[in-house]
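Following: one structure in structure tokens, then a few remarks.
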Amino acid sequence: MSVAETSIPRPSLGRLFWVFLVMGATSIGGGVVAYLRTGLVVRQRWLDDVTFVELLSISQTLPGLNATNMSILVGDRLRGGMGALVATLGMCLPGASLMIAAGFLYGAGGDGPWSKAFLHGIAAGAVGLILVVLVQLGAKTLKTFADYVFVAATAVAVAFFKVPVPYALIAAGIIAIWWHRPRDKDVP
Amino acid sequence: MKQLWDLAGVFAYLSLLTIGGGMAAFPEMKELTVDTYHWVTFPELLHFYSLGQLAPGPNMMMVASIGVTVAHIPGALVALVAFFLPTGLLTFFVGRLWTHLATWRWRPAIQTGLGSVAVGLVLAGAIIMGKGAITQVFFGVIALAVFLLLWRTKINPAYPIVASGLIGMALHYFNIA
């Protein structure tokens, strides 16, 4: 661990579960990261901003959703393996219960014309939401012209030429990582 | 029983593709759940995905809805565990290693390189989703309006998305869509 190992707080597992459960139940409308920062850095003071950003960058690089990856990393940091488990369960429980209920309701008549019209509307709205996520992710990630080429090549291959995602991921990933490879001049 | 194994296999595989967010796994999710296994239709997948954006917490809890459709509660639990356990374990162990890699020369290259590929996968997901959701010009207007609103203001995304649903119902009422 990076700075001041001794100053890491040790909340009880029950408290950890509760705090993540509340965040898991209230973070409506995506943007879980903002709720996590408010909850963990501002309210509980379990993390400082530097650590938060460091853990977030790990979450974003690894596969898995930001919300669950952050729960695992923060839970592990505060209370080890059990901490990671209860934090993740707390984060997932409310949304998972709701979506299980949604699955049953949908099966029991969700394909009526009115609910179809509503769902078709929110699907169009969700496309707008994804575009915003895309622009924000892009503004943070894409620095050079080559990065935009990697984005376009990956998207076109997958969306239009039906290249299976793992092939696209491995091929474009290796080329992009090689493009950004450490050069000798980078070493002081 | 075989269905539960199929669910486990499909969602464990999909979870490994969620680099840069759940949307990155959307193209393969459509391929497998709609075209290969016929668990849901494409409109159903779009509906579950969009409903999932309204649920609190991680935004891919809709895998539980697909699990319910296939095999009720056991299906939901298998889909959830399969979708979150493999990447969860990976994050747990790599997270412990990561700080030791702080000075590794390849770390920034991997972070930047994978970053742009991840944006490409999210864009591919958005294109595939858009093809299914934007069937008429009105739905394109809804998507554009939500995009501009969320891009320019700090409004909670849940509001414009619920509003989109209500507009969808209004379009239905006036027989426009």
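Between chains B and A, what is the buried accessible area in Å², counting both sides, with a 1.4 Å probe and ligands, DNA and RNA left out, to the nearest 100?
Working: alone 11400 and 13150 Å², together 16580 Å².
Answer for the B-A pair: about 8000 Å² buried.
Relative contact order (percent) for chain A, with alpha-carbon contacts under 8 angstrom and 6 or more residues of separation? Could the numbers behind the result be given before it?
Values: 118 pairs, mean separation 35.9, N = 188.
Rounded, it is 19 percent for chain A.
By how many degrees, 0 to 90 and rounded to 10, does the Cα axis of helix B:42-54 deviate from the longest principal axis of chain B?
So the helix axis and the longest Cα principal axis differ by about 80 degrees.
Would you please state the base-10 log of I(q)/I(0) at q = 0.12, 0.22 1/Å for the stretch B:2-101, with intensities from the Debye formula using one equal scatterer on every alpha carbon?
-0.38, -1.15
Can you tell me the dipole magnitude for chain B around its Cα centre, using point charges on the Cβ only (Lys, Arg +1; Asp, Glu -1), in Debye to the nearest 20?
Values: 8 positive and 5 negative charges, 117 e Å.
Taking the Cα centre of chain B as origin, the dipole is about 560 debye.
Taking R0 as 22 Å, what's the FRET efficiency between residue A:12 and residue A:45 from their Cβ-Cβ distance, rounded to 0.05? Walk me through the numbers before you get to the answer.
Details: r = 16 Å, r/R0 = 0.72.
So the FRET efficiency works out to roughly 0.90.
Could you tell me which trypsin sites (Lys or Arg not before Pro) in the stretch A:86-188 are loop residues by DSSP with no more than 16 other beta carbons within 10 angstrom of their beta carbon? The partial results should precede the final answer.
Values: sites: A:116, A:140, A:143, A:162, A:183, A:185; in loops: A:143, A:162, A:183.
Answer in residue order: A:143, A:162, A:183.
Of A:62, A:89, A:16, which is the most mobile in a GNM of chain A whose springs link Cα atoms less than 10 angstrom apart?
Largest GNM mean-square fluctuation: A:62.
List the chymotrypsin sites (Phe, Trp or Tyr not before Pro) in the stretch A:128-188 that DSSP assigns to loop (not H, G, I, E or B) and whose Cβ has at most 12 other Cβ atoms within 10 Å. Which are they? It would help to have the intermediate numbers written out before the result.
Working: sites: A:145, A:148, A:150, A:160, A:161, A:167, A:178, A:179; in loops: A:160, A:161.
When the chymotrypsin sites (Phe, Trp or Tyr not before Pro) of the stretch A:128-188 are filtered for loop state and at most 12 Cβ neighbours within 10 Å, A:160, A:161 remain.
Tilt of helix B:2-15 relative to the longest C-alpha principal axis of chain B, in degrees (0 to 90, nearest 10)?
With both axes taken from Cα atoms, the answer is about 80 degrees.
Relative contact order for the stretch A:1-108: what percent, with Cα pairs under 8 Å and sequence separation of 6 or more?
Numbers: 104 pairs, mean separation 38.9, N = 108.
Computed over the stretch A:1-108, the figure is 36 percent.
How would the stretch B:87-131 be classified by its alpha-carbon gyration tensor: rounded, prolate or oblate, with rounded meaning a/c under 1.5 and the a/b versus b/c comparison settling the rest? Show your work: numbers first, answer last.
On the way: a/c = 6.64, a/b = 1.90, b/c = 3.50.
Oblate, because a/c is 1.5 or more while a/b does not exceed b/c.
If I histogram all Cα-Cα distances within the stretch B:1-58 using bins 5 Å wide from 0, what percent of pairs lands in each bin?
4, 18, 25, 28, 19, 5, 0
Could you give the spread of the C-alpha atoms of chain B along their three principal axes, from largest to smallest, in whole angstroms?
Largest first, chain B extends 60, 46, 26 Å along its Cα principal axes.
What translational D, rounded to a whole number of µm²/s, comes out for the protein assembly as shown from Stokes-Einstein when the hydrodynamic radius is the Kirkwood one over Cα pairs, at 20 °C and 1.002 mPa s? List each step's numbers first, then the result.
Working: Rh = 20.9 Å.
After rounding, the answer is 103 µm²/s.
Which percent of the accessible heavy-atom area of chain B goes to carbon and sulfur, probe 1.4 angstrom?
The nonpolar share, carbon plus sulfur, comes to 72 percent.
Just to be sure I understand: with springs between alpha-carbon atoms less than 10 Å apart, which residue in A:22, A:50, A:149 has the highest mean-square fluctuation in the Gaussian network model of chain A?
Fluctuation is largest for A:149.
Efficiency by 1/(1 + (r/R0)^6): what FRET value for residue B:144 and residue B:175, r their Cβ-Cβ distance, R0 = 25 Å, to the nearest 0.05? Can you show the working numbers first?
On the way: r = 23 Å, r/R0 = 0.91.
Step by step, r from the Cβ atoms, then E = 0.65.
Going down the list A:116/B:30; A:143/B:131; A:143/B:30, which pairs span over 22 Å between their C-alpha atoms?
Details: A:116/B:30 19 Å; A:143/B:131 29 Å; A:143/B:30 31 Å.
Pairs exceeding 22 Å: A:143/B:131; A:143/B:30.
Using only Cα atoms, what Kirkwood radius does the stretch A:1-108 have, in angstroms?
Details: mean 1/r = 0.0703 Å⁻¹.
Answer for the stretch A:1-108: a Kirkwood hydrodynamic radius of 14.2 Å.
Using DSSP to define loop residues, name the chymotrypsin sites (Phe, Trp or Tyr not before Pro) in the stretch B:1-109 whose beta-carbon has at most 14 other beta-carbon atoms within 10 Å. Write out the running numbers ahead of the final one.
On the way: sites: B:5, B:11, B:13, B:37, B:39, B:48, B:49, B:83, B:84, B:92, B:93, B:98, B:104, B:106; in loops: B:37, B:39, B:104, B:106.
Taking the stretch B:1-109 and a limit of 14 other Cβ atoms within 10 Å, the loop chymotrypsin sites (Phe, Trp or Tyr not before Pro) found are B:104, B:106.
If each Cα of the stretch A:52-129 is one equal point scatterer, what is log10 of I(q)/I(0) from the Debye formula at q = 0.13, 0.19 Å⁻¹?
-0.60, -0.86
Quote the relative contact order of chain B in percent (integer), defining contacts as alpha-carbon pairs under 8 Å separated by 6+ residues.
Values: 144 pairs, mean separation 45.3, N = 177.
Relative contact order for chain B comes out at 26 percent.
For the stretch B:54-98, how big is the tail of P(r) above 16 Å, as a whole percent of Cα pairs? The partial results should precede the final answer.
On the way: 465 of 990 pairs.
Roughly 47 percent, once rounded to a whole number.
The values are calculated or read from the model by the stated rules, or taken from the named source; none is laboratory data. Computed from a prediction, not measured in an experiment: that's the story for all the values here. As a convention, Cβ positions derive from the backbone with ideal geometry for all residues, glycine included, and neighbour counts pool all protein chains shown. Calculation scope for accessible area: heavy atoms of the full protein, side chains included, ligands and nucleic acids excluded. Shrake-Rupley method; radii C 1.70, N 1.55, O 1.52, S 1.80 Å.
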